[in-house]
Amino acid sequence: MALGGFTIRWTQRILGAALLAAMAVQPAAAAGDLSRQNPTTVKVQLGTKDNRLAFQPNLLTFETGKLYKLVLTNPSSSKHYFTSEGFAAAIWTRKVQDGSMEVKGAIREVELLPGSTVEWWFVAVKTGTFRLYSHVDKHAQLGMVGKITIM
């Protein structure tokens, strides 16, 4: 009987060691695995229903390493641009989409026609503070400006 108990204990030890070894070679999910993040949604209105030239809100803050879904809407009767060259260079764009199309790759600016909504999915990768503006028909000079900060 002592031999049987001895065999069971050694078998348990060998199986335990084998299990630990197998766990050690399994790839661990990285804490910052961006493919598994749920996006943080941020909504920005370009213009207003009464055609006031403004970004609402006009101060945006993002954190590096996080996935964002920036929902841009244009309730006004004129087109607007969401333009920020520095911001565009400081993010990795996953996609920009509306109800009928999707664009992937580097995006520099987004044009929104009256009544449209666009989602810009991105990960902020570089810190900084960047100017936001709409360059349509002197909109920036008339007050359609903002600031984007990536921390």
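The values are calculated or read from the model by the stated rules, or taken from the named source; none is laboratory data. Because the structure is predicted, anything quoted here is derived from the model rather than measured. Every residue, glycine as well, gets a Cβ built from its backbone with ideal geometry; the counts of neighbours run over all protein chains shown.
Among the residues in the range 135-151, are any within 19 Å of residue 43 (Cα to Cα) and either without any contact (Cβ under 8 Å) to a residue 60 or more places away in the chain or of a type in the set (Phe, Trp, Tyr) (or both)?
no
Which residue, of 96, 123, is part of a strand (DSSP E or B), of a type in the set (Val, Ile, Thr), over 15 Å from residue 64 (Cβ atoms) and within 20 Å of the chain's Cα centre (by Cα)?
Of the residues listed, the single one that is part of a strand (DSSP E or B), of a type in the set (Val, Ile, Thr), over 15 Å from residue 64 (Cβ atoms) and within 20 Å of the chain's Cα centre (by Cα) is 96.
When only residues in the range 14-57 that are small (Gly, Ala, Ser) and at pLDDT 60 or above count, which is surrounded by the fewest Cβ atoms within 10 Å (Cβ to Cβ)?
Quick first cut of the range 14-57, residues small (Gly, Ala, Ser) only: 16-18, 21-22, 24, 28-32, 35, 47, 54.
Cutting the leftovers down to at pLDDT 60 or above gives us 32, 35, 47, 54.
Numbers: 32: 10, 35: 8, 47: 25, 54: 19.
My answer is 35.
Sort out which residues of the range 109-120 are at negative phi and outside any strand (DSSP E or B), and write them in order of number.
Going residue by residue through the range 109-120, those that are at negative phi are 109-114, 116-120.
Matches in the range 109-120: 113, 114, 116.
For every residue, the table says whether it meets (1) of a type in the set (D, E, K, R); (2) surrounded by fewer than 19 Cβ atoms within 10 Å (Cβ to Cβ); (3) more than 27 Å from residue 33 (Cβ to Cβ); (4) in contact with a strand residue (DSSP E or B) (Cβ under 8 Å, 6 or more places away or on another chain).
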residue: 61; (1), (2), (3), (4): no, yes, no, yes
residue: 70; (1), (2), (3), (4): no, no, no, yes
residue: 79; (1), (2), (3), (4): yes, yes, yes, yes
residue: 97; (1), (2), (3), (4): no, yes, no, yes
residue: 101; (1), (2), (3), (4): no, yes, yes, no
residue: 117; (1), (2), (3), (4): no, yes, yes, yes
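Let me confirm something: among 140, 106, which residue is touching a Phe, Trp or Tyr at 6+ places or on another chain (Cβ under 6 Å), of a type outside the set (Asp, Glu) and in a loop (DSSP other than H, G, I, E, B)? Walk me through it before giving the result.
Values: 106 fails: touching a Phe, Trp or Tyr at 6+ places or on another chain (Cβ under 6 Å).
When all the criteria are applied, what remains is 140.
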